[in-house]
Amino acid sequence: MTVHAAEPTPAIPPMPERTPKALREAIARHAPQLLPDFDTHWRWAVAEAYDISTVPAFMARWWGEYAIARDPRLDAHVLDLEHRAAECINLGEAKALLEEASNIRHEAQRLEPGQ
């Protein structure tokens, strides 16, 4: 009888330094599916607006997006919660599903570099 080893869990990359450049590099390396939207949003919200006052809001949004996307299991879980809520006919159940997804997103926002 052969014993199969469990599939190794890929390591979740740590959060980068909290700068646009470091975040973009982390996205390019570990969550490249986010990169086109990140770059488009950067151009629209910061570069073309000539307004650096928008950087904190930009960083807050993409910090959370990357924090979730860098962990494929967590990303899939959040997407599943949101899809189930969208298809749910029970308002209470849909609300609970969205609340769980929202709580995960809020926790992701609180992560610090290196976590």
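Three semi-axes describe the equivalent ellipsoid of the chain; taken as square roots of 5 times the Cα gyration tensor eigenvalues and ordered largest first, they are 28, 22, 12 Å. Taking other residues whose beta carbon is less than 10 angstrom from the beta carbon of residue 27, and scoring Lys, Arg as +1 and Asp, Glu as -1, yields -1. In the chain, the DSSP-assigned H stretches of four residues or longer account for a calculated mean residue ellipticity at 222 nm of -19500 deg cm²/dmol, using -39500 (n - 2.57) per stretch and the full residue count as denominator. The charge dipole of the chain, taken about its Cα centre with unit charges on the Cβ atoms of Lys, Arg (+1), Asp and Glu (-1) only, comes to about 280 debye.
No value in this document is a laboratory result; all are computed from the given coordinates. In this text the structure is predicted, and so the values were computed from the model without any measurement. Virtual Cβ from ideal backbone geometry, glycine too; neighbours counted across all protein chains shown.
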